[in-house]
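Heads up, the thing below is written out as structure tokens.
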Amino acid sequence: PNGWPGLICRYADYLPVTDQTPIVTLHEGNTPLIPAIALSERLGRNIKVLLKYDGLNPTGSFKDRGMTMAISKAKEAGSKAVICASTGNTSAAAAAYAKRGGMKAFVLIPDGKIALGKLSQALIYGAEVIAIDGNFDQALEIVREMSEKFPITLVNSVNPYRLEGQKTAAFELVEAIGDAPDWLCIPMGNAGNITAYWMGFNQYYASGKAKKLPKMMGFQAAGSAPLVTGQVFTKPETIATAIRIGNPANWAKALNVRAESGGAFHSVTDVEILAAYKFLAGEEGVFCEPASAASVAGLLKVSDQIPSGATIVCVLTGNGIKDPDTAIACAGDEKLHKGVSPDITSVAKVMGF
Ligand code: F0G
């Protein structure tokens, strides 16, 4: 068929696939890069902010980029089942792609700490959902050991194919902008995505498609900020449940990215995250999940350090529809008019006519 073939077909030359690889795809990737008009205006000084809206992938997050690769390679290797720990998005993507690849999916989630949309996805795609009375870090420890002891493929971002798939977002950015941006602002949890973007930028730089490399600006929630403080958080907390992680698997790689790119890591409070979340939906018309808004909250936090005229990309990693509870709580019910009589006069009255 015509149209976008999915990121493995599009970027096969840059990915560890061969003619023998059975490609499991939902035609992920090729997501919009949206100018942040209100945000750019607010920052002034000719600063141009662009939003990489990866929430428009098939299961609503950037995880689809990594999962098409991880599942295709698992299938190529003859695997019959996959497992992951997840704060929600990885479980949704693993469930969907495993189903499409004819495999079983087992997902471990922190009970009560994943957004409603993500849980509903894992269930409807038919994964076995194991809710543990613990956090993501504990779940990851368990699945790592499970995958060593049993014939089951681990599809967390410690699986190198995940990062290979995710690096294609950097390719798309270079193609859309004509070069790498000056800064890339990105939320960090397990720090797989920041690592993957850096791989992608470096590959396009080496091949001459990009003339420069960006500063990598990573942001964590203040209650779950091990990469900022240098200490493990044994009890990570944040409203941004997607990045509620206290001991990131890609810790060393993330520090390396920061050093190599001349970037910086900062934490943002839940209040700052929610302010950015509301601003993006209310002023830009772009609805992302709270964790994704950490990239914009972080940018605002360090706005005095942005060079004039800079081009900056904020990665919006997941779709806002994933977390309806937070959206409704944050928006409030001020504009929800209930119990209105079904006649024009009553409706017009509510509208102020
Ligand atoms: N944004 C969202 C929406 C996420 O779901 C995640 C991670 C991140 C950012 C951070 O990415 O871990 O590569 O640094 N979610 C994982 C999950 C942990 O299980 O869905 P990272």
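The values are calculated or read from the model by the stated rules, or taken from the named source; none is laboratory data. Predicted model, so just to flag it, every value in this text is computed and none were measured. Glycine gets a Cβ as well: all are built from the backbone with ideal geometry, and neighbour counts include every protein chain shown. Only protein heavy atoms, including side chains, enter the accessible area calculation; ligands, DNA and RNA are left aside. Shrake-Rupley method; radii C 1.70, N 1.55, O 1.52, S 1.80 Å.
Can you tell me which condition Gly200 does not meet? The list is (1) within 13 Å of the ligand (Cβ to nearest atom); (2) out of contact with any strand residue (DSSP E or B) (no Cβ under 7 Å at 6 or more places or on another chain), and all the others hold.
(1)
Taking only pairs six or more apart or across chains, which ones have beta-carbon atoms under 8 Å, a first residue in segment 135-157 that is more than 14 Å from the ligand (Cβ to nearest atom), and a second residue that is at pLDDT below 95?
Within 8 Å, no pair qualifies.
Give segment 203-222 a look and list any residue that's more than 15 Å from the ligand (Cβ to nearest atom) and either surrounded by 23 or more Cβ atoms within 10 Å (Cβ to Cβ) or of a type outside the set (A, V, I, L, M, F, W, C) (or both), or say none.
Gln203, Tyr204, Tyr205, Ser207, Gly208, Lys209, Ala210, Lys211, Lys212, Pro214, Lys215
Tell me, please, whether a residue that is within 13 Å of the ligand (Cβ to nearest atom), modelled with pLDDT of 95 or more and over 20 Å from Ala191 (Cα atoms) can be found in segment 279-293.
Yes: segment 279-293 contains one or more residues that are within 13 Å of the ligand (Cβ to nearest atom), modelled with pLDDT of 95 or more and over 20 Å from Ala191 (Cα atoms).
Kindly indicate whether any position in segment 255-266 is away from the ligand (no atom under 15 Å from the Cβ), free of Cβ contacts under 8 Å to residues at least 40 places away in the same chain and closer than 25 Å to Leu163 by Cα.
Yes, segment 255-266 contains a residue that is away from the ligand (no atom under 15 Å from the Cβ), free of Cβ contacts under 8 Å to residues at least 40 places away in the same chain and closer than 25 Å to Leu163 by Cα.
Taking the stated definitions as given, is Asp304 closer than 22 Å to Thr90 by Cβ, outside any loop (DSSP other than H, G, I, E, B) and either out of contact with any helix residue (DSSP H, G or I) (no Cβ under 7 Å at 6 or more places or on another chain) or among the charged types (D, E, K, R) (or both)?
Answer is no for this residue.
Could you check Glu76 against (1) touching a Pro at 6+ places or on another chain (Cβ under 9 Å); (2) on the phi > 0 side of the Ramachandran plot and say which number it fails?
Here Glu76 clears every test but (2).
Please count how many residues of segment 174-197 are within 12 Å of the ligand (Cβ to nearest atom) and assigned to a loop (DSSP other than H, G, I, E, B).
4
Among the residues of segment 63-93, what is the count of those that are open to solvent by 20 Å² or more (accessible area, probe 1.4 Å) and closer than 27 Å to Ala180 by Cβ?
Residues that pass the stated criteria total 1.
Which residues, counting only those in segment 26-50, are within 16 Å of the ligand (Cβ to nearest atom) and surrounded by fewer than 24 Cβ atoms within 10 Å (Cβ to Cβ)?
Thr31
Starting from segment 23-38, take each residue that is in contact (Cβ under 8 Å) with a residue 40 or more places away in the chain and list its partners that are among the β-branched types (Val, Ile, Thr) and part of a loop (DSSP other than H, G, I, E, B), counting only C-beta distances under 7 angstrom and pairs at least six apart or across chains.
From segment 23-38, the pairs are Ile34/Val286.
Quick check on Thr229: is it surrounded by fewer than 17 Cβ atoms within 10 Å (Cβ to Cβ), β-branched (Val, Ile, Thr), more than 14 Å from the ligand (Cβ to nearest atom) and closer than 27 Å to Phe201 by Cβ?
Answer is yes for this residue.
For Arg45, state whether it is among the charged types (D, E, K, R) and either in contact with a strand residue (DSSP E or B) (Cβ under 6 Å, 6 or more places away or on another chain) or more than 24 Å from Leu123 (Cβ to Cβ) (or both).
The answer is yes for Arg45.
Checking the conditions here, which among Ala96, Ala105, Ala115 is open to solvent by less than 70 Å² (accessible area, probe 1.4 Å), away from the ligand (no atom under 11 Å from the Cβ) and under 21 Å from Asp323 (Cβ atoms)?
Just a single option satisfies the conditions, and that option is Ala96.
In segment 244-255, is there at least one residue being assigned to a helix (DSSP H, G or I) and of a type in the set (Phe, Trp, Tyr)?
Checked segment 244-255: at least one residue is assigned to a helix (DSSP H, G or I) and of a type in the set (Phe, Trp, Tyr).
Given the condition among the basic types (Lys, Arg) and surrounded by 19 or more Cβ atoms within 10 Å (Cβ to Cβ), answer yes or no: does some residue in segment 318-335 qualify?
The answer is yes, given that some residue of segment 318-335 is among the basic types (Lys, Arg) and surrounded by 19 or more Cβ atoms within 10 Å (Cβ to Cβ).
So which of Pro110, Pro58 is surrounded by fewer than 24 Cβ atoms within 10 Å (Cβ to Cβ) and closer than 22 Å to Asn247 by Cα?
Pro110
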